[in-house]
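Engineer: The structure is given below, and queries will be raised subsequently.
The values are calculated or read from the model by the stated rules, or taken from the named source; none is laboratory data. None of these values were measured; they are calculated from a predicted model. FYI the Cβ positions are ideal-geometry reconstructions off the backbone, even for glycines, and counts take in every protein chain you see. With ligands, DNA and RNA removed, areas are computed over all heavy atoms of the protein, side chains included. Shrake-Rupley method; radii C 1.70, N 1.55, O 1.52, S 1.80 Å.
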Amino acid sequence: MNLGWSVLEALRENPEVLKDSLRKRYMPTDLVDKAIELDIKWRERITELNRLREKRNEVNRLIPRIPPEERGKLIEEAKDLGRKVKELEEEVKKLDEERNKILASLPSIVHESVPEGPDETYNVPVRFWGKPKVPRSKLESFKRETEGFQVEFELLDWEPKGHADELELILKMGDTYKAAQLSGSRFFYLFKDIVWLEQALVMFALDVISKKGFIPVIPPYMLRQDYYLGVTDLETFKDSIYKIEGEDLYLIATSEHPLIAMHAGDTFVEEELPRLYVGVSPCFRKEAGTHGKDTKGIFRVHQFYKVEQIVFSKPEESWEWHERLIENAEEIYQALEIPYRIVNIAAGDLGASAAKKYDLEAWFPAQGRYRELVSCSNCVDWQSYRLKIKLDRKGRREFVHTLNSTALATTRTICAIIENHQREDGSVRVPRVLRKYLELFDSAPKDEIVPLEEKLIKD
RNA sequence: GCCGGGGUGCCCUAGCCCGGAAGGGGGCUGGCCUGGAGAGCCAGUGGCCCAUUGGGCCGCGUGGGUUCAAAUCCCACCCCCGGCGCCA
């Protein structure tokens with residue numbers, strides 16, 4: 001039976017494809033040759049080992065059938081074969097471990113439509129939506145960010161405040177300084193209207209996505225390491241995952257992780273796919289190696305809430321689902337009236353698990369830049385191979401494809417709303433689509449968020 | 001945290017005391033049978049390696065150990081369930 005992971009198949013049948021993919025990612029290709037060499041050697045040795053074990057088993061089965069007094073010679077032979085088997089087993093085990101270590105480090109084969117390039121400067125915008133507000137001072141930057149596209153915009157004669165200053169100094173509804181004192185940088189307090197706004201955003205996104213047939217899920221917020229390494233590569237794991245001291249438990253960086261791992265070991269039949277889920281959970285991220293980036297405000301923080309779309313699909317349908325997921329996210333940001341663009345992420349900027357990734361980047365008027373709010377990835381069979389999530393097709397087994405896409409991450413969306421819907425007087429307009437969810441609460445804002453007179457906590 | 005029970009193929013279960021090729025049931029898939037359906041019967045239903053048909057190996061929570069031979073005996077660990085305690 002040919003149960004193949006695409007990367008392993010390529011390794012044996014078409015290593016050039018694998019090397020091309022690595023080159024596109026700006027990664028070394030010598031590992032492929034090493035892996036091929038180890039794989040060939042491993043297959044040689046395991047065949048040899050199997051033959052040796054067969055012989056040993058034959059002798060062992062013979063022993064109980066002859067009279068005890070005649071067994072001595074055969075027992076000696078069996079002992080000898082046993083020793084040889086043990087030796088060879090150790091060698092095979094070593095080879096297997098070495099091979100698997102390399103295999104586990106190999107990333108997904110990138111899709112042909114992924115742009116080449118070593119880093120995010122090679123990401124390719126594919127479409128723009130909305131009419132961005134552009135302060136005069138950011139016009140240059142806007143032109144650069146929209147190069148090659150005709151994007152209609154609204155020129156502002158005033159300077160909107162950056163989301164961080166607007167939130168903390170103008171609205172006075174956030175405090176990262178007090179939070180830093182107690183918990184460290186990249187933590188925050190949010191107050192009053194922003195709290196309601198966050199709740200409404202979560203409900204709204206959950207509402208939109210669940211209506212499309214995605215099953216709502218609240219997952220465990222911690223996972224064991226074994227399962228964690230089934231959904232993410234070691235690099236990401238080290239840089240972003242918090243560990244619970246003294247236990248084999250890790251705080252989730254996104255509900256994608258427990259939602260994908262939810263089907264570890266499962267075998268689907270065709271009729272059961274696609275499986276659609278919408279996860280809601282807090283996300284915890286160490287943000288190691290991002291010192292100095294986005295240090296103000298709540299754009300880049302250690303914890304936030306996120307509504308996440310997850311799809312388990314048949315292999316031949318995953319690319320179609322990839323498009324659908326990003327469209328779902330677009331629907332949400334269109335409803336929130338936030339101008340954005342979709343970018344196709346360059347191969348060199350892709351995580352190991354993803355074969356292709358779109359980001360939805362919202363326009364930030366005060367920064368004069370498009371910034372990432374949504375990531376939408378097709379992980380093909382990278383995660384399902386590790387977690388053994390299969391599709392049983394009349395006896396033939398394949399690995400399912402897994403996809404994930406942000407529907408809405410609260411903190412970044414709040415930042416985008418605060419900058420895009422900011423008025424000259426410092427108030428912030430609330431997108432009409434949230435009204436329904438705010439209506440439920442008497443003290444929630446309805447049409448606009450108005451600055452507080454005084455700060456709630458002392459400096 | 002303490003005490004007890006348990007982990008066998010997709011699911012359930014026998015085997016464990018007393019070591020000698022993992023048996024039964026269910027589900028699913030295919031075939032036979034049928035006017036059709038059902039029942040019945042047969043086969044398949046974990047992973048890996050070699051190969052043209054086919055053959056072999058591994059696998060009974062994990063890792064060690066004893067033995068010619070381990071699901072079975074020994075040691076360590078992990079996980080799940082129940083009870084008690086603690087607790088929002």
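Engineer: Could you grab me the full set of residues in segment A:129-173 that are open to solvent by 80 Å² or more (accessible area, probe 1.4 Å), over 22 Å from residue A:411 (Cα atoms) and part of a helix (DSSP H, G or I)?
Structural biologist: A:136, A:140, A:143, A:144
Engineer: Determine whether segment A:299-316 contains at least one residue that is assigned by TED's automatic domain parsing to the domain that holds residue A:279, under 17 Å from residue A:125 (Cα atoms) and touching a Pro at 6+ places or on another chain (Cβ under 6 Å).
Structural biologist: The answer is no; no qualifying residue exists.
Engineer: State all residues of segment A:332-359 that are buried (at least 24 other Cβ atoms within 10 Å of the Cβ), among the aliphatic types (A, V, I, L, M) and in contact with an Asp or Glu (Cβ under 7 Å, 6 or more places away or on another chain); if no residue qualifies, say none.
Structural biologist: Those that are buried (at least 24 other Cβ atoms within 10 Å of the Cβ), among the aliphatic types (A, V, I, L, M) and in contact with an Asp or Glu (Cβ under 7 Å, 6 or more places away or on another chain): A:345, A:347.
Engineer: Can you find a residue that is free of Cβ contacts under 8 Å to residues at least 24 places away in the same chain, away from RNA strand B (no atom under 16 Å from the Cβ) and surrounded by fewer than 16 Cβ atoms within 10 Å (Cβ to Cβ) anywhere in segment A:241-260?
Structural biologist: no
Engineer: Restricting attention to segment A:303-330, which residues are open to solvent by 20 Å² or more (accessible area, probe 1.4 Å) and within 20 Å of residue A:199 (Cβ to Cβ)?
Structural biologist: Across segment A:303-330, the qualifying residues are A:303, A:304, A:305.
Engineer: Does any residue of segment A:105-113 turn out to be near RNA strand B (Cβ under 10 Å from one of its atoms) and exposed (fewer than 13 other Cβ atoms within 10 Å of the Cβ)?
Structural biologist: no
Engineer: Being open to solvent by less than 50 Å² (accessible area, probe 1.4 Å) and in a strand (DSSP E or B) is the filter here; which residues of segment A:174-190 pass it?
Structural biologist: Listed by number, the residues that qualify are A:174, A:175, A:190.
Engineer: Sticking with this structure for a sec: Out of all the residues in segment A:324-351, which are outside any loop (DSSP other than H, G, I, E, B) and within 26 Å of residue A:26 (Cβ to Cβ)?
Structural biologist: Those that are outside any loop (DSSP other than H, G, I, E, B) and within 26 Å of residue A:26 (Cβ to Cβ): A:326, A:341, A:342, A:343, A:344, A:347, A:348, A:349.
Here's the yes/no breakdown for (1) of a type in the set (Lys, Arg); (2) in a helix (DSSP H, G or I); (3) not assigned by TED's automatic domain parsing to the domain that holds residue A:200:
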| position | (1), (2), (3) |
| --- | --- |
| A:397 | yes, no, no |
| A:415 | no, yes, no |
| A:426 | no, no, no |
| A:436 | yes, yes, no |
| A:440 | no, no, no |
| A:445 | no, no, no |
| A:454 | no, no, yes |
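Engineer: Another one. For segment A:13-56, name all the residues that are open to solvent by 90 Å² or more (accessible area, probe 1.4 Å) and touching a residue at least 12 places away in the same chain (Cβ under 8 Å).
Structural biologist: Within segment A:13-56, A:26, A:41, A:55 qualify.
Engineer: Within segment A:392-414, can you find the residues that are farther than 13 Å from residue A:304 by Cα and modelled with pLDDT of 85 or more?
Structural biologist: Within segment A:392-414, A:399, A:400, A:401, A:402, A:403, A:404, A:405, A:407 meet the criteria.
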